[in-house]
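Novice: Let me give you the structure first, and then I'll get to my questions.
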């Protein structure tokens, strides 16, 4: 079973959605990621160079979430998973995207999508 690096509740304001209001005004999003990788070298060395710097992961999530514009949170989760697998040495990534302020017109709930992708 691989080790996992977790980063939870990375928040950003993005303009993702189907409606004009979502695309113009925007909404808050929250992202959780889980990267499966071997952490033994970091455990032994106690050096950040032996692991994945979660600050860089968080910055990449915010960068993608704030500079791209998509209609669906499914697409946003897919873009994030692709980027994290491409840019970090994880065997597998799990990405959960939640739209915290959706325009649900009187309904209560937090829509979310979770994807798991591997090499």
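Novice: The conditions are (1) crowded, with 18+ Cβ neighbours inside 10 Å; (2) more than 15 Å from residue 10 (Cβ to Cβ); (3) in contact with a strand residue (DSSP E or B) (Cβ under 6 Å, 6 or more places away or on another chain), and residue 93 fails exactly one of them. Which is it?
Specialist: Of everything listed in (1) crowded, with 18+ Cβ neighbours inside 10 Å; (2) more than 15 Å from residue 10 (Cβ to Cβ); (3) in contact with a strand residue (DSSP E or B) (Cβ under 6 Å, 6 or more places away or on another chain), residue 93 misses just condition (2).
Novice: Can residue 85 be described as at pLDDT 95 or above, within 15 Å of residue 117 (Cβ to Cβ) and outside any helix (DSSP H, G or I)?
Specialist: So residue 85 fails the test.
Novice: Among what's in region 97-119 and is touching a helix residue (DSSP H, G or I) at 6+ places or on another chain (Cβ under 9 Å) and within 15 Å of residue 16 (Cα to Cα), pick the residue that is surrounded by the most Cβ atoms within 10 Å (Cβ to Cβ).
Specialist: By that ranking, first place goes to 97.
Novice: Out of everything in region 26-46 that is in contact with a helix residue (DSSP H, G or I) (Cβ under 8 Å, 6 or more places away or on another chain) and part of a strand (DSSP E or B), what residue ends up being nearest to residue 68 (Cα to Cα)?
Specialist: Filtering region 26-46 for residues that are in contact with a helix residue (DSSP H, G or I) (Cβ under 8 Å, 6 or more places away or on another chain) and part of a strand (DSSP E or B), the one nearest to residue 68 (Cα to Cα) comes out as 29.
Novice: Which pairs turn up if I take residues in region 1-12 that are at pLDDT below 95 and look for partners that are in a strand (DSSP E or B) with beta carbon separation below 7 Å, at least 6 apart in sequence or on another chain?
Specialist: Filtered contacts from region 1-12: 2/36; 2/37.
Novice: Answer yes if at least one residue in region 78-87 is over 12 Å from the mean Cα position of the chain (by Cα), over 16 Å from residue 10 (Cβ atoms) and touching a residue at least 24 places away in the same chain (Cβ under 8 Å), and no otherwise.
Specialist: no
Novice: Right, here's the next one. Among the residues in region 71-86, are any touching a helix residue (DSSP H, G or I) at 6+ places or on another chain (Cβ under 9 Å) and loosely packed, with under 13 Cβ neighbours inside 10 Å?
Specialist: No - not one qualifying residue is present in region 71-86.
Novice: Another question, then. Any residue at all in region 47-56 that is surrounded by 14 or more Cβ atoms within 10 Å (Cβ to Cβ), modelled with pLDDT of 95 or more and not in a helix (DSSP H, G or I)?
Specialist: The answer is yes; a qualifying residue exists.
Novice: Let me ask another. Out of (1) outside any helix (DSSP H, G or I); (2) within 19 Å of residue 110 (Cα to Cα); (3) more than 11 Å from the chain's Cα centre (by Cα), what's the single condition that is false for residue 23?
Specialist: Of the numbered conditions (1) outside any helix (DSSP H, G or I); (2) within 19 Å of residue 110 (Cα to Cα); (3) more than 11 Å from the chain's Cα centre (by Cα), the odd one out for residue 23 is (1).
The values are calculated or read from the model by the stated rules, or taken from the named source; none is laboratory data. Bear in mind the structure is a predicted one, so any value in this text is a computation, not a measurement. Neighbour counts run over all protein chains shown; Cβ positions are idealised from the backbone, glycine included.
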